[in-house]
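Everything on this sheet refers to the single structure shown next.
The values are calculated or read from the model by the stated rules, or taken from the named source; none is laboratory data. Predicted model only: the values in this text are computed from it and were never measured. Cβ placement follows ideal geometry from the backbone for every residue including glycine, while neighbour counts extend to all protein chains displayed.
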Amino acid sequence: MEKTKVRISVQRQDFEVAAEYATLREDAPEAGAIATFVGLVRDLNLDKKVTGLVLEHYPGMTEKVLAETVNKASRRWPLIGVRLVHRVGELKPGEQIVFVGVSSEHRDAAFEACEYLMDILKTSAPFWKKEQGESGSHWLEEKTEDLDRAKRWHN
């Protein structure tokens, strides 16, 4: 199989899911499966109202870690294309925060790689999240559930 077509963006502006899907289709007309995931900013966290989320990152370092993660996925599954978009800056509840899309010849590889990328992204990518609520703001820490989900891929 030829080298995986990879597109990674870390950006402030929102993204169009249909356009991201179309890019995956254009990059891999031979694909038999495309799996996507879109993450949204929640309006509740631990039963407390969320009014906003601020995402910070280290430009350059973030893209490098994302590229390494995609590279690992491409070695593990026969991927044709990968599209990864992660937003930074100030976001409100209901806004899109992340898009992960992968194409492959078969659905199993597409589903697993998409899930892997999201699990690793949640625990290894250098993003810092400050949650804003009615009682102020605080930095979010990794959740045990997210760490447990990511551990299953390290064997």
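If I go through the range 52-70 residue by residue, how many of them are in contact (Cβ under 8 Å) with a residue 12 or more places away in the chain and loosely packed, with under 15 Cβ neighbours inside 10 Å? I'd like the intermediate steps shown before the answer.
Looking only at the range 52-70, we keep the residues that are in contact (Cβ under 8 Å) with a residue 12 or more places away in the chain, and these are 52-59, 61-63, 65-67, 69-70.
Those still in the list that are loosely packed, with under 15 Cβ neighbours inside 10 Å too: 56, 58-59, 61, 67.
Matching residues across the range 52-70 total 5.
Scanning the range 10-31 for residues that are modelled with pLDDT of 95 or more and either within 12 Å of residue 97 (Cα to Cα) or in a loop (DSSP other than H, G, I, E, B) (or both) turns up 10, 11, 12, 13, 14, 15, 16, 17. Of the residues 152, 83, 87, the single one that is within 30 Å of residue 32 (Cα to Cα) and either surrounded by fewer than 18 Cβ atoms within 10 Å (Cβ to Cβ) or modelled with pLDDT under 90 (or both) is 152. Scanning the range 132-151 for residues that are touching a Ser or Thr at 6+ places or on another chain (Cβ under 8 Å) and in contact (Cβ under 8 Å) with a residue 40 or more places away in the chain turns up 132, 133, 134. Annotation: of all residues in the range 1-51 being in contact (Cβ under 8 Å) with a residue 40 or more places away in the chain, farther than 20 Å from residue 142 by Cβ and small (Gly, Ala, Ser), the one that is surrounded by the most Cβ atoms within 10 Å (Cβ to Cβ) is 28.
Counting the residues of the range 103-155 that are touching a Pro at 6+ places or on another chain (Cβ under 6 Å) and of a type outside the set (Gly, Ala, Ser) gives 0.
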